[in-house]
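Colleague: I have a structure I would like to understand better, so I am pasting it below and will then ask my questions one at a time.
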Amino acid sequence: METAEKLAPLGFGFMRLPLTNPDDPTSIDIDKCCELVDIFMEGGFTYFDSARGYHGCKSEWALKKALVERYPRESFTIATKLPAWLAKNAEEARAMFDISLQECGVDYFDYYLLHNLGESLTPGFEEYGLWEFCAQKKAEGKIKKFGFSIHDNAEELEKVLDAHPEVDFVQLQINYVDWESDIIQSRKCYEVCQERGLPVVIMEPVKGGTLVKLPEAVADVLRETEPGASIASWALRFAGSLPNVIAVLSGMNTPEMVAENVAIMRDGMPLTEGEHAVIERARETLAALPGVPCTDCRYCMKGCPEGVHINTIMQSLNIYDQMGDAYRAQENYNWNTGAGKASVCIQCGACESVCPQHIEIVSQLERAVKLFE
């Protein structure tokens, strides 16, 4: 596995910010955000990642208050994203760009992304003419670098890049658990970008915090090798060791978390060959834990009359079962099932008749309803 000469920079993901009311994602605690931003900037890092839809559309406003109004524009880098799937029509989708500029309090974006492409979400960006729209904004100087984020497999990524080779970069979900995943396909997606000479921004390097709270059997593999190293450091250094990475994003919400991540990425070294072997052992230990043996072949979904997102649901169940992370499992379920939730299953059994792994899918879907709905 190719390794960079030094770790990629840390990026601050403005998507899991401290709140004054845990039940209200818009109740962002600006005073605490300012403290987090200060620690991050003092640590020598400058990349901030937001999106129109984060925190009930308040993330960009928080970025303005905690960063833009407090630091010189040339001292930081801002990335934000346009979610076509939140818009009712092309006019509303395009209007998000100017709203984002106003909310962030800037005249241009260093990095601008079409947000969360893949499967059924990709066509909306074409339908609304957003590729051409962003090319125009780039020509006007309001976008310095243009790209997109995607949560899908390598085949879908290639389709997008074949249609739009003009992009400057791609944002991918990469972490050591998903590196060889049949579902996420982190390695394959990364290699697609490298073959085309495209730099990447890495999201989910600690899988939404899951890789900080590993099952003991998996954590022990890492602890035995580096007793003094934090569990988080393995995940961040894995992502940061990849060549041609613009930034490794982390959604941080406490001073301790920011300080730890800053220290890891500022002072740490890329993984050695021996350390990569340790991570491989940890990955194998995790894969051996009980779970749903879904390989993401998607045969089950082709004949499903209700369009249930069976693969995503099985993935959520495995996050719950193997990682013991109910929060992340719920988050994955909420974000990625859309209208294809487990509760719309009519128990026709079409999925089970074609499953190569002979999974009792209907009963697993019933379990998902109880856990996630």
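The values are calculated or read from the model by the stated rules, or taken from the named source; none is laboratory data. Fair warning: this is a prediction, and the values are worked out from it, not measured in the lab. Heads up, the Cβs are rebuilt from the backbone with ideal geometry, glycines too, and the neighbour counts pull from every protein chain shown. Surface accessibility is based on the protein's heavy atoms, side chains included, excluding ligands, DNA and RNA. Shrake-Rupley method; radii C 1.70, N 1.55, O 1.52, S 1.80 Å.
Colleague: Please compute the net charge surrounding Ile99, taking Lys and Arg as +1 and Asp and Glu as -1 over other residues with Cβ under 15 Å from its Cβ.
Modeller: Working: positive: Arg52, Lys58, Lys64, Lys81, Lys88, Arg94, Lys137, Lys142; negative: Glu60, Glu91, Glu92, Asp98, Glu103, Asp107.
Result for the neighbourhood of Ile99: +2.
Colleague: The stretch 88-146: which GluC sites (Glu not before Pro) are DSSP loop and have at most 15 other beta-carbon atoms within 10 angstrom? Show your work: numbers first, answer last.
Modeller: Working: sites: Glu91, Glu92, Glu103, Glu119, Glu126, Glu127, Glu132, Glu140; in loops: Glu140.
Those satisfying the criteria are Glu140.
Colleague: Rounded to the nearest whole Å², what accessible area per residue is found for the chain with the 1.4 Å probe? Intermediate values should be presented prior to the final figure.
Modeller: Values: 15900 Å² over 373 residues.
Each residue of the chain exposes 43 Å² on average to a 1.4 Å probe.
Colleague: Could you run the Karplus curve 6.51 cos²θ - 1.76 cosθ + 1.60 with θ = phi - 60° over the stretch 171-184 and give me ³J(HN,Hα) per residue in whole Hz, x for Gly and Pro?
Modeller: Going residue by residue, I get 9, 10, 7, 9, 7, 6, 6, 8, 4, 10, 5, 5, 8, 7 Hz, with x marking Gly and Pro.
Colleague: What whole number of Å gives the distance from the Cα centroid of the stretch 1-72 to the Cα centroid of the stretch 278-355?
Modeller: 31 Å
Colleague: Using the per-residue mean of other Cβ atoms lying within 10 Å as a proxy for protection, in what order, highest first, do the peptides 25-36, 296-307 fall? Let's see the in-between values first.
Modeller: Numbers: 25-36: 17.1, 296-307: 14.8.
Put in order of decreasing packing, that is 25-36, 296-307.
Colleague: State, in angstrom, two size descriptors of the stretch 2-113 derived from its alpha carbons: Rg to one decimal place and Dmax to the nearest whole number.
Modeller: Final numbers for Rg and Dmax: 14.7, 46 Å.
Colleague: Taking all protein chains in place and a 1.4 Å probe, what share, in percent, of the accessible surface of the stretch 1-146 do carbon and sulfur account for? Numbers along the way, then the final one.
Modeller: On the way: 3090 of 6430 Å².
Its accessible area is 48 percent carbon and sulfur atoms.
Colleague: Oh, and also: Highest mean first, what order results for 338-344, 200-206, 54-60, 149-155 on Cβ atoms within 10 Å? Don't jump to the answer; show the numbers that get you there.
Modeller: Values: 338-344: 17.3, 200-206: 25.0, 54-60: 21.3, 149-155: 19.4.
Going from most to least packed, we get 200-206, 54-60, 149-155, 338-344.
Colleague: For the chain, give the share of DSSP beta bridges that are antiparallel, in percent and rounded to the nearest 5; count only bridges with both residues there. Write out the running numbers ahead of the final one.
Modeller: Details: 1 of 31 bridges.
Antiparallel: roughly 5 percent of the beta bridges in the chain.
Colleague: Given a cut-off of under 8 Å on Cα pairs at least six residues apart, what relative contact order in percent is computed for the stretch 230-327?
Modeller: Details: 51 pairs, mean separation 22.4, N = 98.
In percent, rounded to a whole number, it is 23.
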